[in-house]
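Enquirer: Starting off with a structure, shown below.
The values are calculated or read from the model by the stated rules, or taken from the named source; none is laboratory data. Just so it is clear, the model here is predicted, and its values are computed rather than measured. Glycine gets a Cβ as well: all are built from the backbone with ideal geometry, and neighbour counts include every protein chain shown. Keep in mind that these areas ignore ligands, DNA and RNA; they rest on the heavy atoms of the full protein, side chains included. Shrake-Rupley method; radii C 1.70, N 1.55, O 1.52, S 1.80 Å.
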Amino acid sequence: MKADTRKTGFRLRTARGHLDAVVRMVDDDRYCIDVLHQLSAVQGSLEGVKRDIIEAHLQSCLPEAVASGRMDDIVEELMAAVFGAAPGRKAKAKAHACHTDTQKISAAPTADTQLYFGAGI
C-alpha cells in the first residue's frame, strides 16, 4: 500500500474508538440521535482513510498502469473496490506495484489514541 501507513493507522484507530463508543451507547440504551451522531463520526473517519488510500493509489499505481497499457484493468479494479463489483462481473485481482509494500498497520493503541479515547481502547 502506498498510502501513509502512520496516518492511515491513526485514522483507523480513531474510527475504532468511535465505533467502541457506539457499542457502549447502544449497550447503555442511549438516545438514538446521539448514537447516529457517533456513527457519523465513524463513517467520517473511514471516509478519510478511503480517500487517502484512493489518492495514493491514483498517484502511484495509475501512472504505472497507463504506461503498461492496463488502463481498463486499473479502472475496473478501482470501481469494484469503491462501489463493489458490477452485477454479473467478477472483480479481477491483479498484482501491481501497490501490492509490493509489506509495511503493516498496527491495530494496537498508541499514546495518541489512548490520550484521545482513554486507555480502554
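Enquirer: Round to the nearest 10 and report in Å² the accessible area of E76, as given by a 1.4 Å probe over the protein chains' heavy atoms.
Expert: That residue has around 50 Å² of solvent-accessible surface.
Enquirer: Roughly how many nanometres apart are two label points built 7 Å out from the Cα toward the Cβ at E55 and T5?
Expert: Spacing of the two 7 Å Cα→Cβ label points: 2.0 nm.
Enquirer: May I pose another question? Compute the accessible area per residue over the range 1-70, keeping the other protein chains in place, probe 1.4 Å, unit Å². Can you show the working numbers first?
Expert: Numbers: 4390 Å² over 70 residues.
Accessible area per residue, the range 1-70: 63 Å².
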